[in-house]
Structure formats: C-alpha cells, structure tokens
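Visitor: After the structure tokens below, expect a handful of questions from me.
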Amino acid sequence: MEENFFAQPPEAISHNKNARSCIAIQSPCGTIHHILWLEVETNMVQNYRKTLLACYLGFVTQAITANFAPLLFLKFHTDYNIPLGKIALIPGTFFVTQLIIDVLCARFADRIGYRRCAVASEVCSAAGLAGLAFLPELLPDPFTGILLSAVIYAVGSGLIEVLGSPIVEACPFEHKEAAMSLLHSFYCWGTVGVILLSTLFFAVFGIGSWKILACIWAVVPLYNVCNFAVCPMAHPADSGRGTGIGGLLHMPMCCIGGLLCMPMFWIALILMVCAGASELSMAQWASAYAESALGLSKAAGDLAGPCMFAVTMGVSRMIYGKYGDRLDLMKYMQGSGLLCLLCYLAASLSDAPAVGLAGCILCGFSVGILWPGTISICSGRIPAGGTAMFALLAMAGDLGGAFGPGLVGGVSQRTGDNLQRGMLAGCVFPLVLMAALFILRGLRQSQGPKPEGPSQ
C-alpha cells in the first residue's frame with residue numbers, strides 16, 4: 001500500500017485526506033515513512049509555488065491588457081484621427097468581450113481542461129498586445145486594428161479572470177486566504193508597474209516608440225505560457241461551478257428567480273453597476289484627462305493620474321482587508337460614495353490643475369471599497385445566494401465597467417473633445433450609487449437583522 005501511495009502524483013496526494021493516517025497504520029517502520037511523507041509533502045508544496053507564480057503573473061498580464069491601451073488614447077486620437085467617442089469603444093469592447101468569455105469559460109473549462117485554458121489565456125494576451133503594434137498599420141482602418149487587438153487580449157484577460165481563483169484554491173496550501181488575497185492584489189500593483197515602467201520607457205525613448213513597448217509587454221504572457229505548461233495543477237473540486245458568471249449556466253432557475261424577487265438584491269445590482277462605472281470611467285480616462293484637460297506632460301500625467309489612482313485604490317482595499325471586521329461597512333461605503341462624487345466634481349469643474357489632479361487621485365481611494373463592499377453586504381444578508389448571486393453581481397460590475405467609460409468618451413466628443421464635460425457626466429454614477437445605498441440602508445432597517453435567502 002505504501003508503494004501505491006508514494007507512486008501517486010502530487011495532485012492525488014494533496015486530495016488524499018487519509019494519506020497520513022494510512023501510512024501510520026500500515027507501516028512497520030513508521031519513522032522512515034513519516035520522513036518520506038514529509039519529503040513528498042515539501043516537494044509538492046514547492047512545486048505548487050510555481051502554480052502560484054503563474055497565477056500571479058496571469059493577473060499582472062490582466063493589468064497590462066486593461067491599462068496599457070488607455071495610456072495611448074490621445075496618441076490614437078492625434079496620430080490616427082480617431083474621435084474620442086470611438087476611442088471610448090475600446091474599453092467598452094474590452095469589458096464586453098471579457099464578460100462573454102467569462103460565461104463561455106466557466107461552462108467549458110472543465111471539458112477542455114484548466115491547463116489548456118490557462119495557456120490559451122496567455123497566448124491570446126500576447127497576441128493581442130503584439131497585434132496592437134501591427135494591426136493598425138496592416139488593416140485599412142487603424143481603429144479596426146486597435147479594436148481587434150483589444151478583443152484578442154480581452155479573451156486572454158477573461159480567461160485568467162475566471163481560472164485564476166479556482167486554480168489557487170485547489171493548491172494544497174494551509175493558508176489559502178492569504179494566497180487568494182495576494183492574487184487579487186496583483187492586479188492593482190500590476191497596474192502601478194505597467195504605468196511606471198511605460199512612463200519611464202516613454203521618457204527615455206519617446207511616445208513614438210509605443211509599438212516597441214507593446215511588443216515588450218507581450219513577452220510577459222509569453223513567458224507565463226511556459227509556467228502554466230509545466231506547473232502542477234490540481235482540478236478544482238467544484239468543477240468550475242463556483243467562479244465567474246458562467247456559473248449561472250449551472251444554476252437552477254428557482255435559485256436565480258428567488259434572488260431576482262428580492263428588492264435588496266436589485267439594489268445590490270445597481271450598486272455593482274455604479275461601482276464598476278465609477279471605477280473604470282476615471283481609471284480608463286485618467287491618462288488622457290491629465291494630459292489634455294490639466295495640461296500636464298505625458299510622463300507627469302501618467303504618473304499623477306492612472307498610477308496614483310491605482311495606488312490609492314490598492315491602499316483602500318488593503319485597509320478594508322485588514323480592518324473590514326471593525327468598520328461599519330454601510331457608513332464607510334456612504335462616505336466613499338460621497339468622496340467619489342466630490343472627486344468627479346473636482347475633476348470636471350475646477351480650473352486649477354492641482355484640484356483636478358487631487359480629484360483623480362482620491363477617486364481611486366473612494367472606489368476601492370465599493371465593489372468588494374457590495375459583495376460583502378450581499379454575502380451577509382443573503383447567505384443562501386450561492387453561485388448565482390456572485391455571478392449576477394460580477395455581471396453587473398462588468399456591465400458598469402463597459403458602459404461608464406463609453407459615456408464619458410461620448411459626452412466628451414459631443415462637447416468639443418472636452419474631457420472635463422465627460423467627467424461631469426460621470427457624476428451620475430456616484431449619485432445613483434449614493435441613492436441606492438440610502439434605499440438599501442432603509443431596507444436593512446425595515447427587515448431587521450435576519451439574513452435573507454432566495455426562495456426555493
């Protein structure tokens with residue numbers, strides 16, 4: 001029996017809960033076999049650290065794909081004569097594509113295999129980033145080339161968004177919460193790295209060399225292809241049902257219908273739409289706003305705009321992660337919503353660059369709590385919501401991320417490429433969010449402390 005056990009691959013050993021006890025009972029030389037077990041376990045954990053590295057780099061790749069193109073919005077506008085309204089379609093297309101891939105991946109990843117899907121995510125990300133450098137010149141319409149590139153790397157981003165969490169969850173580590181928290185923080189800090197390094201590159205080689213930088217960034221997912229190809233990968237226990245909006249495809253209609261019959265859940269969906277729109281409207285346009293509306297240089301605009309936005313958002317989420325149990329979440333979110341509104345007003349109405357810049361930076365801190373906070377409220381009040389609840393909330397957040405930047409860009413184009421007017425239109429999202437929080441607070445008080453659950 002010992003030989004069969006030690007012949008098992010690490011994946012099998014990690015899921016054999018009785019492995020240690022089996023050796024202790026069956027072995028006449030318990031000490032020797034205990035040592036062997038420790039060696040197997042140690043080697044297994046070390047091997048799975050490669051899996052963690054692959055997932056972390058996957059989220060860094062996602063940050064690259066989501067934040068590199070926005071640094072070039074004004075470059076696209078001036079070099080290719082693309083109106084700002086059309087440029088606004090780039091982030092919208094990115095998030096809509098990602099939304100579609102979330103649905104498809106969660107349904108078919110179990111059949112295709114998580115490893116193949118993970119490798120495919122990095123290949124698509126690399127191809128899209130490289131395509132950004134070549135397709136605008138190869139195709140008759142440069143905008144079509146940019147949009148096609150965005151669709152390709154959005155496929156990669158959507159795949160890793162769905163796969164990253166269940167892959168890490170399946171790793172045989174004792175403190176998975178810490179690993180999971182670190183995984184999701186890599187997006188924020190990856191964003192900071194992308195902006196800092198891109199700014200340094202542009203300062204040294206000039207903004208005209210952006211195509212070379214796009215190819216350089218494509219090397220990151222290409223390198224990660226090798227990591228995903230060889231790292232150990234245990235199969236998620238839930239067969240892909242617990243992550244992503246594609247879990248809806250596996251949910252009984254009674255669960256979904258039960259959620260949609262709850263007024264509180266509809267308010268939560270509105271909160272998620274507004275949270276996604278408030279975050280992405282500022283994040284996607286921060287670079288162009290700092291350069292065109294505030295008159296800052298490209299380097300200063302990128303560092304002071306999207307970079308500091310990402311830093312403050314990361315700090316906000318770190319505070320929530322560490323002190324969330326001590327905070328009155330509803331009051332904290334109401335304060336964050338008010339701060340978000342003030343930030344949008346400062347960015348849109350102030351003629352002083354310092355005030356507008358402060359609004360852009362502090363907006364990152366204000367929106368940091370909105371997305372995870374809404375999920376926490378639903379988890380506490382609707383504990384029986386399950387996969388359907390998280391799936392619908394994720395869908396609402398992604399829809400907000402797709403719609404918000406488009407509204408800002410469209411209004412800017414109609415007002416003579418005035419991004420401040422576009423930011424003023426973006427005030428609608430924190431306004432609606434604050435109204436939704438007010439209504440939600442009233443519902444909680446009227447319903448009392450008893451948690452809700454979808455009717456079965």
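Visitor: Work out the charge dipole of segment 44-172 with +1 on the Cβ of Lys and Arg and -1 on the Cβ of Asp and Glu about the Cα centre, then indicate which of Cys55, Leu74, Ala170 is farthest towards its positive end.
Guide: Ala170
Visitor: Can you pull the three principal axis extents for the Cα set of segment 66-132, in Å, largest first?
Guide: Sorted from largest, the Cα extents of segment 66-132 read 45, 21, 15 Å.
Visitor: Another one. Once the principal axes of the Cα atoms of segment 58-235 are found, what is the range along each, listed largest first in whole angstroms?
Guide: Projected onto the principal axes, the Cα atoms of segment 58-235 cover 52, 33, 26 Å.
Visitor: Another one. Output the peptides 283-289, 394-400 sorted from most to least packed, where packing is the average of other Cβ atoms within 10 Å over each peptide's residues.
Guide: 283-289, 394-400
Visitor: Binned at 5 Å from 0, what are the whole-percent values of the Cα-Cα distance distribution for segment 287-326, short to long?
Guide: 6, 26, 19, 13, 12, 9, 8, 6, 1
Visitor: Take every Cα-Cα distance within segment 270-418, group them into 10 Å bins from 0 onward, and report for each bin the whole-number percent of pairs it holds.
Guide: Over segment 270-418, the share of Cα pairs per 10 Å bin runs 12, 39, 33, 13, 3, 0 percent.
Visitor: So, one more: How would you rank 206-216, 428-438, highest first, on the average number of other Cβ atoms within 10 Å across their residues? Before the final figure, lay out the partial values.
Guide: Details: 206-216: 15.6, 428-438: 20.8.
Put in order of decreasing packing, that is 428-438, 206-216.
Visitor: With a Cα-only, solvent-free Debye model of segment 75-177, what are the log10 I(q)/I(0) values at q = 0.12, 0.20, 0.21 Å⁻¹?
Guide: Results for segment 75-177 at q = 0.12, 0.20, 0.21 Å⁻¹ read -0.48, -0.96, -1.01.
Visitor: Can I ask one more? Within 11 Å, Cβ to Cβ, of Gly305, how many net charges do the neighbouring residues add up to if Lys/Arg are +1 and Asp/Glu are -1?
Guide: -1
Visitor: Just how large is the dipole of segment 58-235 about the Cα centre, in debye to the nearest 20, putting +1 at every Lys and Arg Cβ and -1 at every Asp and Glu Cβ?
Guide: For this selection, approximately 180 debye.
None of the figures in this text is laboratory data; all of them are computed from the coordinates on show. Here the structure is a predicted model, which is why all the values come from computation and not from measurement. A quick note on method: Cβ atoms are made from the backbone with ideal geometry, for glycine too, and the neighbour counts reach across all protein chains shown.
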